[in-house]
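Reviewing the structure listed below.
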Amino acid sequence: YKRQTTSRPAFDKLSMRRHPDGIVAVAPLWDTSLTRLQNDLILAAESIEKPGNLGTVLRSADCAGVSGVIVCDAGTDIHHPDVIRASVGAFFTVPIYQATTEETLEWCLCHGIHTLAATPHSDQIYTSVDMRHAAAIVVGTEQYGLSRRWLDGADEQVKLPMFGKTNSLNVAMSATLLVYEAVRQRTT
């Protein structure tokens, strides 16, 4: 590793924080293609826009023991400092992949991965679906949900029951509930 000292203004710009701690690291990017993905329990997140939400999705995926997270048609840079910060270290522990929706659907089909698209417009409650086999749980953008391609191409659509006035949860909260249902089914 090479240590480099910068001026305070340059450091402040590099750190992207209000009160930086005094250390910034530069590291090479790793391969994010689907070729390395294990096909057990996968979480796919399509067009997530808010870095904090993506970081929280990664944190939940790591805690639940998900094989990997596929970021489909990325709405934010997966390397954004807020993604890394919100992941609370999971950015470095859960395998992360990037692909298009089309590539992800094709990969799942070729590898026998059952795809479950989360949408509030489904008639099927998520707890009624068998998640004990190789599965990809798919969540969509904060504002619009999943694309028509995912809704039409997924093996099943599932929903979280909504009893209040709003029709959806935060994407990270939804992803957490869905992957932990898979964990519950696989451990009972």
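The values are calculated or read from the model by the stated rules, or taken from the named source; none is laboratory data. Keep in mind it's a predicted model, so treat the numbers as computed, not measured. Glycine gets a Cβ as well: all are built from the backbone with ideal geometry, and neighbour counts include every protein chain shown. Calculation scope for accessible area: heavy atoms of the full protein, side chains included, ligands and nucleic acids excluded. Shrake-Rupley method; radii C 1.70, N 1.55, O 1.52, S 1.80 Å.
Some observations on this one:
- Condition met for Arg184 (within 25 Å of Gln98 (Cβ to Cβ), modelled with pLDDT of 95 or more, of a type in the set (Lys, Arg) and not in a loop (DSSP other than H, G, I, E, B)): no
- Residue, surrounded by the fewest Cβ atoms within 10 Å (Cβ to Cβ), within segment 51-70, restricted to residues that are over 21 Å from Met131 (Cα atoms) and of a type outside the set (Ser, Thr, Tyr): Gly52
- Conditions (1) under 23 Å from Lys50 (Cα atoms); (2) touching a Phe, Trp or Tyr at 6+ places or on another chain (Cβ under 7 Å); (3) of a type outside the set (Ser, Thr, Tyr): number failed by Asn170: (2)
- Selection status of Ser87, polar (S, T, N, Q), within 23 Å of Asp12 (Cα to Cα) and modelled with pLDDT of 95 or more: yes
- Counting only residues that are within 30 Å of Val183 (Cα to Cα), at pLDDT 70 or above and open to solvent by less than 40 Å² (accessible area, probe 1.4 Å), segment 15-36 holds 1 of them.
- Contact annotation: residue pairs with Cβ atoms under 6 Å, 6 or more positions apart or on different chains, pairing a residue in segment 39-56 that is touching a residue at least 60 places away in the same chain (Cβ under 8 Å) and within 22 Å of Arg186 (Cβ to Cβ) with a partner that is crowded, with 24+ Cβ neighbours inside 10 Å and hydroxyl-bearing (Ser, Thr, Tyr), are Ala44/Thr104.
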